[in-house]
1. Sorting A:311, B:4 on the 10 Å Cβ count, fewest up front, what's the list?
2. Regarding the stretch A:253-388, what is the average projected area of its C-alpha convex hull, in nm²?
3. In the Gaussian network model of chain A, springs joining C-alpha atoms below 10 Å, which of A:162, A:51, A:205 carries the largest mean-square fluctuation?
4. With each label point set 7 Å from Cα along the Cα-Cβ vector, what nm distance links residue B:122 and residue A:42?
5. Using only the Cα atoms, work out Rg/Rh for the stretch A:297-363, with Rh taken as the Kirkwood radius, to two decimals.
6. Given R₀ = 25 Å, FRET efficiency for residue B:107-residue B:19 by Cβ-Cβ distance, to 0.05?
7. Mean-square fluctuation check for chain A, GNM, Cα pairs under 10 Å: which of A:155, A:247, A:131 is largest?
8. What is the fewest-to-most order of B:107, B:56 by other Cβ atoms lying within 10 Å of their Cβ?
């Protein structure tokens, strides 16, 4: 194993910041990015001049790194990375910053994601659907009415139902659990408790997914600061050490799963063994799983492939209450993307940091030593192991 | 004004597929070195990395692997409709995304046998869809 854990605990998350999450921010994405970034930098006990690297991700809907750096008045930088990508890039962006820190390029790297995901460009809507003709990969999807992630992920969920007997009621348990968590989170967009019956009666969007299986299209931004671990100890908050990270998957793709053997083995099956080994942990050591949850089923699939339960047992596992705050592996303590809001996954990473620090208020779990966070898009995903 | 679904825009990589549909044939790229079919069209065989690929007619027979029933879509798309992945008879895992037509959405079942049919969109483009065999 020598050489495989060079980055372990060399970087730590030292500051976090949010804008309010809403359906209509009334602000541009750059204003959102700056507000969240400044808040994260100050939370870390730093000033913008201390930041010497900036990483962000987006799909052409965010503020550019160079403009944010300029507007913040950063004095020097060794690392700017404007990554083009969606949900699978949430943990990748933090990993990218952690690598810049671990290699000695930077002392403090700012990471942010800003979007007007409801009032601006909506990820749940296909802009191509309004065009006269579509090329590229979309010529094989849009003319057939596959237009949005709710449909492509719905197909993965359906195949899981066929292979393992998973039910839409299992999805309902995920929705109800995460909503109950959001009720206790002042930042959350959706704070009214729901029942399994509410879930069952919500309208179909792309069957087997109902409205309450889908995340919240959100306006907002969040940001964090990744610092060298030896400096992190002197900053105001307990550091959340970056113990390991990974980005990968298989050839399987939610968008174009046409060259793979099976639709029900997901990215964690490929990255989890190395992720845990490099962090020096086993799955049983994880106290909190901040799993990417654009749709309810995604939690079920990840619980299996990250090893929290057996393959095919994710549905019964959530129905048994195992992902509630009192369960064996709490998931989405902030309400997740399903109910807190959808800042393209980065807000789930911030919740993991908050739980590790012990400042999650009424949502605080007892003794969180190790947290897992993840991001997922198409056939690939990224993940972080964070430790106190 | 009638809203229309977007048409596919063939390119050098995909033209053979759409020309086949125009002739009411399902044609896919096939590797001349190892015989693997490749869909969606790609510049390289994912099985052996050969770039010697050519278009070859397939039977158009398949079975439904997974699907969704879409209930919410822009006005050009008449809901509810079924879009899914059909596994073609020629090769395990060889799948094509398409619509299942001629069957009420509630009657659609995993593994149901399907056969390709073609919807005429205009003088140049036919859309390959699938009906119960």
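1. On the way: A:311 15, B:4 10.
So the residues, fewest neighbours to most, are B:4, A:311.
2. Details: hull surface 31.5 nm².
The Cα convex hull of the stretch A:253-388, projected and averaged over all directions, gives 7.9 nm².
3. With Cα springs under 10 Å in chain A, the top fluctuation among A:162, A:51, A:205 is at A:162.
4. 5.6
5. With Rg and the Kirkwood Rh in hand, the quotient comes to 0.98.
6. Here the calculated transfer efficiency is 0.15.
7. A:131
8. B:107, B:56
Just so you know, all these numbers are worked out from the coordinates, no wet-lab data involved. All values reported here derive from a predicted model rather than from experimental measurement. Reconstructed Cβ throughout: ideal geometry from the backbone, glycine too, with neighbour counts over all protein chains shown.
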